[in-house]
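Here's the structure, in structure tokens; my notes come after.
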Amino acid sequence: MGRSRRTIPEELLLLALDPTTGTTAQPQSLDLGLAGAQLVELALAGRIAPDGDRIAVVMPRPTGDPTLDSALELLRRRGSPVRAVHWIGGPRLGLRQIYLAHLERCGMVHAVAGQMCGVLPTTRYQATDTSISREIRARLDSAIRTGVPPDPRTAALAALAHAVGLGKHLYPGNEGRSSRSRLRDLIRHDPMGGLVAHAVMDVQNGVAAQPRRDRAPATATASASASASATASAAPTARAAGVPMQPRRTGAMARVAAH
């Protein structure tokens, strides 16, 4: 992958960078968004592909981008497709800082050292060429204003910007309400971007790891103890009839089954 094209993680971080304060908007969710952006970029490069709500490696060859290749290698080591929500919600060792340092090495931002309260050291980041951020923003603005389906890269960027909460940063106040709504609607224009954007939002909302289709009905919680007793009573009859029995769920396992 050549360096003539900016990656989606780079563009997402540049969108989040506040030119006035030198800090990033939505720092907590931004790490999740960057993890999702890596997946989209790897999919666009033909290295991974969606498999339902899972991500499968289809070509393990490195892209030439160290940060992306690190993610690709971790996915390869999993050995089997991993759910997007599990990957994005996994431990993240400061992806935001990793990408800020990456952008500094690439010459897209420069670090400005400072102090808070005259004691605590701080680092702020300023874009070296504000035209890059303006061009990225212009692509989103055009997609929102015209309603014309954007290219997959822009659609995925819009989906991730919405997922991490950048809408209020990019289009603040009551006057930006319609633009924020249209930003959200752009999710549907890129399947991979939509998959990871929804995974980012699921992680933030604490959605259970089990797929929705596998969850037991809500009544299972109330009847868990009764079901366990009935299963135990029916076990001898079932075994006699040659019917295989499911393992009995008790304690924590019963609670998992109920959800």
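Tabulated results
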quantity	calculated
Members of the range 168-180 that are assigned to a helix (DSSP H, G or I) and either closer than 19 Å to S29 by Cβ or touching a Cys at 6+ places or on another chain (Cβ under 6 Å) (or both)	K168, H169, L170, G176, R180
Residue within the range 146-167 that is open to solvent by 10 Å² or more (accessible area, probe 1.4 Å), in a helix (DSSP H, G or I), basic (K, R) and under 16 Å from R5 (Cβ atoms) present	yes
Extreme residue, farthest from I55 (Cα to Cα), among residues of the range 70-105 that are open to solvent by less than 60 Å² (accessible area, probe 1.4 Å) and outside any helix (DSSP H, G or I)	G94
Subset of the range 24-64 (residues that are in contact with a strand residue (DSSP E or B) (Cβ under 7 Å, 6 or more places away or on another chain), charged (D, E, K, R) and in a helix (DSSP H, G or I))	none
Residue ID - nearest to the chain's Cα centre (by Cα), chosen from residues in the range 37-67 that are open to solvent by 70 Å² or more (accessible area, probe 1.4 Å) and of a type in the set (K, R)	R54
Qualifying residue in the range 21-30 (condition: among the aliphatic types (A, V, I, L, M) and touching a Leu at 6+ places or on another chain (Cβ under 8 Å))	yes
Which numbered condition L14 misses (of (1) in contact with a Ser or Thr (Cβ under 6 Å, 6 or more places away or on another chain); (2) open to solvent by 30 Å² or more (accessible area, probe 1.4 Å); (3) not acidic (D, E))	(2)
Yes/no for R180 being more than 16 Å from the chain's Cα centre (by Cα) and in contact (Cβ under 8 Å) with a residue 12 or more places away in the chain	yes
Members of the range 133-158 that are more than 14 Å from I8 (Cβ to Cβ) and in contact (Cβ under 8 Å) with a residue 60 or more places away in the chain	S133, R137
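The values are calculated or read from the model by the stated rules, or taken from the named source; none is laboratory data. Keep in mind it's a predicted model, so treat the numbers as computed, not measured. Cβ: placed from backbone, ideal geometry, glycine included. Neighbour counts: every protein chain shown. Ligands, DNA and RNA are excluded from the accessible area calculation, which covers all protein heavy atoms including side chains. Shrake-Rupley method; radii C 1.70, N 1.55, O 1.52, S 1.80 Å.
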